[in-house]
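The values are calculated or read from the model by the stated rules, or taken from the named source; none is laboratory data. Just so it is clear, the structure is predicted and the values come from calculations on it, not from any experiment. With ideal geometry, Cβ positions are generated from the backbone for all residues, glycine too; neighbour counts draw on all protein chains shown.
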Amino acid sequence: MTRLALAFDLGGTELRGALVESDGGVVAQVSAPTMAIAGSDAVIGQIIALAGALLTQRPKADVVGIGIGAPGPLDPKAGIVIAPPTLAGWHDVPLIDILGKHFGLPVRLENDANAAALGEWRFGAGQGTGSLVFVTVSTGIGGGVVADGHIYHGRRGLAAEIGHMTITGEGDRCFCGAVGCFEAVASGTALGRRATALTAPGDGSLLRRLSADGDVSARHVVEAARAGDISALELIEAEAKWLGIGFTNLLHLYSPDLIVMGGGLANGFDLLAPTIRATVEQRAMPAYRDVPIVPARLGDRAGLIGAASLILWEGEPGAPLAMATC
Ligand SMILES: [Zn+2]
């Protein structure tokens, strides 16, 4: 019988679960809106309920363990979710311990962006590389770094918080309190905010027509740019420049074989790519300029598939736990 892992992707708005095979195939998937303000007990109850729903769909599944991607900060080795800003009432929750006792199965925990990086590395755009940086650009900017065949964790698993590297001294304040974070200037939210500021309700612009005269989102900008709208194309150009600056920093810091861009804004990757590439050519030192920058391949399943691989790849070369024990 095929070995399967139960995988969960715990987000601030959506909790998703899946049964995943060792080749990365998803055989069953369920989801529920996260009870994000109800505290940790309620959400853990949701995880248990979703696991029940998955096992009802596949009653004969040979489940060998549970892998979870959850928002940081968290400690993957100790299995503790420390204090995620998107989940109320979570303070030092020993998630591995709680779920391990409930299910009697091994449980592995990883930061959600790291889990997505693992998914793309093992089964998606990064297959076959030794080092990659995965960047997710959506509401915020997150990332995961695979360095020489291992997820790079750093102290308490807190490494690669790339959304909060400072790349300018100006601009809107980031939710973290600082000014000039990568996320504050280059996230999908920042792009939507610039588009909203550039236009006004009722001005007849394509951006406002697409948003029904409400706030313009990054999705609207991509849609308008595809239709050839000049303002949208200029916004995309500015966005791509910020991304290119951030990616140049990542090239210099981590020297990956590949940068993989995921998240909602990856839907506009083809529009952004020429200016991202031109900015890297302009700013990176020559030795780093030929590193490919590619869109993610697994979409919003990267985190689930990566979380499952924490269990299914355990003990295999390149598995993160190999690093934890040496
Ligand atoms: Zn910040």
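Computed values, structure above
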{"read-out": "Qualifying residue in the range 138-149 (condition: in contact (Cβ under 8 Å) with a residue 40 or more places away in the chain, surrounded by 15 or more Cβ atoms within 10 Å (Cβ to Cβ), away from the ligand (no atom under 15 Å from the Cβ) and closer than 14 Å to Gly72 by Cβ)", "value": "yes"}
{"read-out": "Test: Ala38 is part of a loop (DSSP other than H, G, I, E, B), out of contact with any helix residue (DSSP H, G or I) (no Cβ under 8 Å at 6 or more places or on another chain) and not acidic (Asp, Glu)", "value": "yes"}
{"read-out": "Test set (1) among the aliphatic types (A, V, I, L, M); (2) over 21 Å from Phe8 (Cα atoms); (3) outside the structural domain of Ala190 (by the TED database) - Ala159 fails condition number", "value": "(3)"}
{"read-out": "Candidate set: the range 158-170, residues that are in a loop (DSSP other than H, G, I, E, B) and within 11 Å of the ligand (Cβ to nearest atom); chosen: the one farthest from Ala240 (Cα to Cα)", "value": "Glu161"}
{"read-out": "Any hit, the range 124-135, residues being modelled with pLDDT of 95 or more and within 16 Å of the ligand (Cβ to nearest atom)", "value": "yes"}
{"read-out": "Residue match in the range 197-210 (condition: closer than 24 Å to Leu271 by Cα and under 19 Å from the mean Cα position of the chain (by Cα))", "value": "no"}
{"read-out": "Selected residue (only one of Ala5, Ala28, Ala42 is touching a strand residue (DSSP E or B) at 6+ places or on another chain (Cβ under 9 Å) and either in contact (Cβ under 8 Å) with a residue 60 or more places away in the chain or over 26 Å from Arg297 (Cβ atoms) (or both))", "value": "Ala5"}
{"read-out": "Matching option when the condition is of a type in the set (A, V, I, L, M, F, W, C) and in contact with a Ser or Thr (Cβ under 9 Å, 6 or more places away or on another chain), among Val133, Val107, Val137", "value": "Val137"}
{"read-out": "Count of residues meeting criterion [more than 10 Å from the ligand (Cβ to nearest atom) and farther than 16 Å from Ala238 by Cα] in the range 171-190", "value": "0"}
{"read-out": "Out of Ala190, Ala232, Ala225, Ala184, sole residue that is assigned to a helix (DSSP H, G or I), touching a helix residue (DSSP H, G or I) at 6+ places or on another chain (Cβ under 7 Å), of a type in the set (A, V, I, L, M) and under 30 Å from Gly79 (Cα atoms)", "value": "Ala184"}
{"read-out": "Positions within the range 177-186 being surrounded by 14 or more Cβ atoms within 10 Å (Cβ to Cβ) and not aliphatic (A, V, I, L, M), in sequence order", "value": "Gly180, Cys181, Phe182, Glu183"}
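Residue-wise test of (1) over 28 Å from Pro71 (Cα atoms); (2) at pLDDT 95 or above.
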position: Gly154; (1), (2): no, no
position: Leu158; (1), (2): no, no
position: Val179; (1), (2): no, yes
position: Gly188; (1), (2): no, yes
position: Leu198; (1), (2): yes, yes
position: Ala212; (1), (2): yes, yes
